[in-house]
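The values are calculated or read from the model by the stated rules, or taken from the named source; none is laboratory data. As the structure is a prediction and not an experimental result, all values here were calculated from the model. In this analysis, Cβ positions are derived from the backbone assuming ideal geometry, glycine residues included, and neighbour counts consider all displayed protein chains.
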Amino acid sequence: MPDTDPLIHNPIRTSSSVPFLRRPRAVSASSLDPYEDPVTGLERVASTSNISNISRRRREDEERLRRRNRRRPELEQEHALSSKYESLNYEVSENQLYKEEEADPEHHMRLWRRSRNRWIVCFLIGVFTALVAAAIDIMVIFWAPIAGGSGIPQIKCFLNGIQIPEVVMLKTLISKAIGVACAVGGGLSAGKEGPMIHSGAVVGAGLSQGRCQSIPFDTGLFKEFRNDRERRDFVSAGAAAGVAAAFGAPIGGVLFSLEEGASFWNQNLTWRMFFSAMISAFTVNSILSWFNGRSGWLSWTGLANFGVFENKNYNIWEIPFFLAVGVIGGLTGALFNHLNSKLTEFRKKYVSNKWQRLFECLLVAAVSAFTGFITLFLVDDCQPVGMWCKKGEYSAVAKLFFQNPEESVKSLFHSPINSFRPWTLLIFSVEYYLLTLWTFGLSVPAGVFIPAILTGAAWGRLFGIGVGRTGIDPGKYALAGAAAQLGGLVRMTISLTAIIMEATKDITFGLPIMLVLMITKWVGDIFNEGLYDMHIDIQEVPILGWHPPKVSRNILAEKVMRSDVVAMERRERVARVVAILRTTSHHGFPVVFYSEMEGFEGIGRMGTVKLSDFFDEDVQQDKSVDSLGLTISDEQCWMDLEPFIHPHPHRVPLNASLPFIFQLFRGLGLRYLAVVNDENKLRGIITRKDVARFRELRSNRKYQVQELYIAEDRSH
């Protein structure tokens, strides 16, 4: 009876979308019997030549599921998950090599050095994230007086455990920094603060590895951090440092990483993230004070300076007005997300060519500039001191359109009561709302934070003018509207409250802001998800949310699992391993043991040991197996996999429910989970995609579970 033991990790991705390959049972190390099944209970596959048949059957199953979904009237569009995304590895593999390393007398010293190096890396993340932030800010100042995408959805997926190609590489950082400066300088409805979160994450991922794979360049430092689990923690620290650099909000940065990204949390990680955010805020303050000729003056709030409110009073009778602002923010945010998702789907289908995307960017830039100038001519709103007005006057429209967005926000927050006419604010808020709607999702680095804040501040001040008939300063309602508009888009509450309070240097309006954001989220969630979540769904990423689908406890492991599993023996030829890597895109394979005993020792997957370790410890995850440079003699060598096998992998019985399986994947950062019967024999494997394909669907006030199909990757 064959016994089956843990899965081996495969980090090397190929262009094939074939999910699994089965190995026929071996009678001995050198003799193969093509008619015996290595894993009891699984469908027999005669040889590797049957891979095409497996792939064809899988495509037929997915096509049937796709047609079934399209026939369901409650679905507005096709839903799918892309097969091109694989999972990251956050599990510790306590295999034989790991135990031998732990028994080494020098292990305690290595633990101390590793702990010290974590703090060093977090310090460097804070410094270099601030340097990137300051460089972007200075480029915007020099390139224009007003100076693809924010990257936050991709970072959110990365922290959730999804391998997004090239998301944290140096060339991505360079393109982000230069592109956002050009986008803001070109007059697009874009902000430079949002992409700073992505930039900080790239800095965290790069510095913690001690090397650059794009150049290539290797310092030889921090080799102990070259695994998915450590890199995830440093990416979280980088994202927090990015928020701190953008808004001068270190606490908000830590809360942002917790609320929007990190799927794993512990106290030590919290301290290191706060340390990186603190260093980032301090460094960007030092650089900006030197750049502005006031060295040592550390009162800057970050790249976004919203000023300080002089009138900090509000009364209990104003609470209903703040709640009304929250309702408006939820409605406008839900409408924005719906329209932008439709626009993104249109772009994905019809604007796929590079030249088409470039033309759209130029068109949006031209329309943005034309809108500002035509509004300036058509709207007569001139105040004392001037642009194209009578002597001694200035245009309130120019104050909104032709300053940099941060200064426009500051004007809406702190200008005197009669600085803007209601008609001007109404026209500007509608125009900027539509421009932001069109701009977000373009093939340019563009954040939505500042545009949403500016739009909300405009209609919030308009709302405040109506309330201000009693003498109330409309600036506080501009602040509430800014929070409501941004909260209606991204559906953040805790972190956004902290960011706004830190950016405005004021905790007085904390209660109104919290009320506004809570109402905004409740109203918006009635209609759709947050903007980032909707873009993740459009990109077909198999992300796992915070909670499993409701009414899904009757969905059991035997329905979720896949039974066409790739199996290996304890001793394998290199040629066989290479063939598996070349023909699959998955990362885990059960190892078959042959003994006279019933059952098997264990089923699972390798945690941190990779098949690439047999060839080159620094092989990239995105490299093809053909790039390893193996000779014919190399492929004829034998490999002993036993030292790399996980001794106690995770497994579930056939009757395990989907919520239980979901919590294992979400909480432990698993990539694969074995399914066994009552006799502890392997019956199938559950992957992250198998869990993510079950989604919650609300229709007519009822909850349903929708099963998505896996769309074949056609990008290669």
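Structure values in brief
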| read-out | value |
| --- | --- |
| Leading residue by the ranking (modelled with the highest pLDDT) among those in segment 290-347 that are part of a loop (DSSP other than H, G, I, E, B) and of a type in the set (Phe, Trp, Tyr) | Tyr314 |
| Matching option when the condition is under 25 Å from Gln163 (Cβ atoms), touching a Gly at 6+ places or on another chain (Cβ under 8 Å) and modelled with pLDDT of 65 or more, among Leu581, Leu641, Leu544, Leu628 | Leu544 |
| Considering residues of segment 663-682 that are touching a strand residue (DSSP E or B) at 6+ places or on another chain (Cβ under 7 Å) and modelled with pLDDT under 85 only, the residue surrounded by the fewest Cβ atoms within 10 Å (Cβ to Cβ) | Arg671 |
| Subset tally (residues that are over 20 Å from Ser150 (Cβ atoms) and charged (D, E, K, R)) for segment 233-278 | 2 |
| Count of residues meeting criterion [closer than 19 Å to Phe123 by Cβ and assigned to a helix (DSSP H, G or I)] in segment 247-266 | 5 |
| Among the candidates Ser352, Ser368, Ser419, residue that is assigned to a helix (DSSP H, G or I), modelled with pLDDT of 65 or more and either of a type in the set (Lys, Arg) or assigned by TED's automatic domain parsing to the domain that holds Thr455 (or both) | Ser368 |
| Criterion (crowded, with 22+ Cβ neighbours inside 10 Å, at pLDDT 80 or above and touching a Leu at 6+ places or on another chain (Cβ under 9 Å)) met by exactly one of Val565, Val560, Val574, Val591 | Val560 |
| Residue ID - farthest from Phe123 (Cα to Cα), chosen from residues in segment 177-192 that are modelled with pLDDT of 75 or more and either among the acidic types (Asp, Glu) or surrounded by fewer than 24 Cβ atoms within 10 Å (Cβ to Cβ) (or both) | Gly179 |
| Members of segment 212-227 found to be touching a Gly at 6+ places or on another chain (Cβ under 8 Å) and under 13 Å from Met169 (Cβ atoms), listed by number | Cys212 |
| Top-ranked residue in segment 423-463 [being at pLDDT below 90 and hydroxyl-bearing (Ser, Thr, Tyr); ranked as farthest from Val367 (Cα to Cα)] | Thr424 |
| Wholly enclosed helices (runs of 4 or more DSSP H) of segment 464-533 bearing at least 2 residues crowded, with 24+ Cβ neighbours inside 10 Å, touching a Cys at 6+ places or on another chain (Cβ under 8 Å) and modelled with pLDDT of 90 or more | none |
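Residues checked against (1) at pLDDT below 80; (2) outside the structural domain of Val284 (by TED's automatic domain parsing); (3) not aliphatic (A, V, I, L, M):
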position	(1), (2), (3)
Met109	no, no, no
Arg118	no, no, yes
Val121	no, no, no
Leu131	yes, no, no
Met139	yes, no, no
Ile146	yes, no, no
Ile155	no, no, no
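The rows are residues; the columns are (1) more than 30 Å from Trp522 (Cβ to Cβ); (2) outside the structural domain of Ile500 (by TED's automatic domain parsing).
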position: Ser280; (1), (2): yes, yes
position: Thr283; (1), (2): yes, yes
position: Ile287; (1), (2): yes, yes
position: Trp297; (1), (2): yes, yes
position: Ala304; (1), (2): no, yes
position: Phe309; (1), (2): no, yes
position: Val325; (1), (2): no, no
position: Thr332; (1), (2): no, no
